[in-house]
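Peer 1: Sharing a structure, written as structure tokens. Questions coming.
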Amino acid sequence: MTRAEEAELTRRAGGGAAGRDDPWDGRVVSPLADGEERVIEGALRPKRLDDFVGQPRVREQLNLLLRSALRRGRPPDHVLLSGPPGLGKTTIAMIIAAELGAPLRPTSGPAIERAGDLAAVLSTLQEGEVLFIDEIHRLARPAEEMLYLAMEDFRVDIIVGKGPGATAIPLDIAPFTLVGATTRAGLLPAPLRDRFGFTGHLDLYQPEELGVIVRRSAGLLGVKIEDGGVDELARRSRGTPRIANRLLRRVRDYAEVRADGVVTKELTRTALELYEVDELGLDRLDRAVLDALIRRFGGGPVGLSTLAVAVGEEAETVEVVAEPFLVRHGMLARTPRGRVATRAGWEHLGLTPPASLDLPGTLFD
Ligand SMILES: Nc1ncnc2c1ncn2[C@@H]1O[C@H](COP(=O)(O)OP(=O)(O)OP(=O)(O)O)[C@@H](O)[C@H]1O
Ligand SMILES: [Mg+2]
């Protein structure tokens, strides 16, 4: 590759576009999206439930929920969506509003710092509006308590005054539907979780489903791609539509700069090698986690936080991003004593597990 070509590919890969303290900065397989990417994602997002690929169970259940709400002419129950980043939580929130023909009011846990911020949002909702709270596990406690009442009784109590003289003035709000999204459902307090009438857990996608998504996105982006290229991308996207769409764009860049613009199987393989995505779609972080677990800790068991320190990442990133994928591929198991590498994990690094090791054959969570 010439220098100019290399520079062009690096520029297109958008290195450094993400925030400075983003540990994923510039990584092609980060499941998190940066600002520029969100714009492109908007264009690729399916707008209706019928265009949403995969997650058959959640889709079916949502379909029933929405149809029956429309039939009754009442807003549906509140919806909680959980699952790893990039699997379609925001997309589904938008679809819910579209299917109901209702406006969407998006906000997020970190954006609501005080109960007053939430009161301002709640009191200006229109009837039937869909309130989307992203990262709902990061909502401040007082706001959370205000939300309980709003979800249940469509009412907020505005506290006036301080100390013993303080009084609560009840304020009715329009019936609305809350859609909450979280990558960490386990962190939601039970009273909040219980107030959602419907919970959808999104799982990593199957390669066939990702193939459909890649083909659809290629059509929208005007990328010429052969079946072999689709399969290769679908297999190596960590079960994540966001990564599939991103790798598609990077491989397209490669095809435009290095070839005639057509994405073939061979070209996809070469390009993904350049971007350090391996055969199964493991990226640098996945490999680092597996490598530390096996080479530093003899395959485990080791605690999550120790493992995170060993790879220089936040425990949350390791838990939310790397682990679900490694578990799905049967390379890592979460046991009551800590994280353990499985036989497949050892073998993926080209190592043979010591015979003395009692490796988990099945995954127990
Ligand atoms: N089922 C799907 N079919 C087609 N495209 C999808 C699907 N799910 C997600 N996508 C694509 O992946 C991108 C990321 O999805 P989305 O933003 O909804 O993920 P998310 O779960 O909200 O992630 P985060 O946790 O980071 O907020 C979207 O732009 C969309 O184009
Ligand atoms: Mg989102």
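The values are calculated or read from the model by the stated rules, or taken from the named source; none is laboratory data. Just so it is clear, the model here is predicted, and its values are computed rather than measured. All Cβ positions, glycine included, derive from the backbone under ideal geometry; neighbour counts span all protein chains shown.
Peer 1: On the given criteria, is I92 assigned to a helix (DSSP H, G or I), within 14 Å of ligand 2 (Cβ to nearest atom) and of a type outside the set (D, E, K, R)?
Peer 2: Yes, satisfied.
Peer 1: Can you pull out the residues in region 115-160 that are over 24 Å from A69 (Cβ atoms), outside any helix (DSSP H, G or I) and within 16 Å of ligand 2 (Cβ to nearest atom)?
Peer 2: Scanning region 115-160 gives E135, L139.
Peer 1: So if I check each of P76, P56, which one is within 27 Å of G186 (Cα to Cα), modelled with pLDDT of 75 or more, crowded, with 20+ Cβ neighbours inside 10 Å and away from ligand 2 (no atom under 16 Å from the Cβ)?
Peer 2: None of the others qualify; the one that does is P76.
Peer 1: Taking the conditions exactly as written (aliphatic (A, V, I, L, M) and away from ligand 1 (no atom under 15 Å from the Cβ)), does L100 satisfy them or not?
Peer 2: Yes, satisfied.
Peer 1: Confirm whether A333 is of a type in the set (G, A, S), modelled with pLDDT of 90 or more and surrounded by 15 or more Cβ atoms within 10 Å (Cβ to Cβ).
Peer 2: Yes, satisfied.
Peer 1: Just to check your reading of the model, which residue among V311, V263 is in contact with a helix residue (DSSP H, G or I) (Cβ under 6 Å, 6 or more places away or on another chain), outside the structural domain of T182 (by TED's automatic domain parsing), surrounded by 17 or more Cβ atoms within 10 Å (Cβ to Cβ) and under 20 Å from R235 (Cβ atoms)?
Peer 2: Of the residues listed, the single one that is in contact with a helix residue (DSSP H, G or I) (Cβ under 6 Å, 6 or more places away or on another chain), outside the structural domain of T182 (by TED's automatic domain parsing), surrounded by 17 or more Cβ atoms within 10 Å (Cβ to Cβ) and under 20 Å from R235 (Cβ atoms) is V263.
Peer 1: Now for a different question. List every residue pair whose Cβ atoms sit under 8 Å apart, with the two residues 6 or more apart in sequence or on different chains, where the first one lies in region 205-218 and is at pLDDT 95 or above and the second, anywhere, is assigned to a helix (DSSP H, G or I) and among the β-branched types (V, I, T).
Peer 2: Once the first residue is at pLDDT 95 or above and sits in region 205-218, its partners that are assigned to a helix (DSSP H, G or I) and among the β-branched types (V, I, T) give Y205/I213; G211/V230; V214/V230; R215/V230; A218/V230.
Here's the yes/no breakdown for (1) in a helix (DSSP H, G or I); (2) more than 14 Å from ligand 1 (Cβ to nearest atom); (3) within 19 Å of E41 (Cβ to Cβ); (4) in contact with a strand residue (DSSP E or B) (Cβ under 6 Å, 6 or more places away or on another chain):
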{"residue": "V53", "(1), (2), (3), (4)": "no, no, yes, no"}
{"residue": "D77", "(1), (2), (3), (4)": "no, yes, no, yes"}
{"residue": "L81", "(1), (2), (3), (4)": "no, no, yes, yes"}
{"residue": "P106", "(1), (2), (3), (4)": "no, no, yes, yes"}
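Okay, residues lined up against (1) within 12 Å of ligand 1 (Cβ to nearest atom); (2) in contact with a Lys or Arg (Cβ under 9 Å, 6 or more places away or on another chain); (3) closer than 19 Å to Y275 by Cα:
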{"residue": "R155", "(1), (2), (3)": "no, no, no"}
{"residue": "G161", "(1), (2), (3)": "no, no, no"}
{"residue": "L178", "(1), (2), (3)": "no, yes, no"}
{"residue": "T199", "(1), (2), (3)": "no, yes, no"}
{"residue": "V212", "(1), (2), (3)": "yes, no, no"}
{"residue": "R235", "(1), (2), (3)": "no, no, yes"}
{"residue": "R242", "(1), (2), (3)": "yes, no, yes"}
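Peer 1: Got at least one residue in region 251-273 being out of contact with any Asp or Glu (no Cβ under 9 Å at 6 or more places or on another chain) and closer than 29 Å to K89 by Cα?
Peer 2: Checking region 251-273: at least one residue is out of contact with any Asp or Glu (no Cβ under 9 Å at 6 or more places or on another chain) and closer than 29 Å to K89 by Cα.
Peer 1: Just the residues that are more than 30 Å from G109 (Cα to Cα) and of a type in the set (V, I, T), please, taken from region 178-230.
Peer 2: Across region 178-230, the qualifying residues are V212, V214, V223, I225, V230.
Peer 1: Another question, then. Would you mind finding the one in I95, I112 that is among the hydrophobic types (A, V, I, L, M, F, W, C) and away from ligand 1 (no atom under 13 Å from the Cβ)?
Peer 2: None of the others qualify; the one that does is I112.
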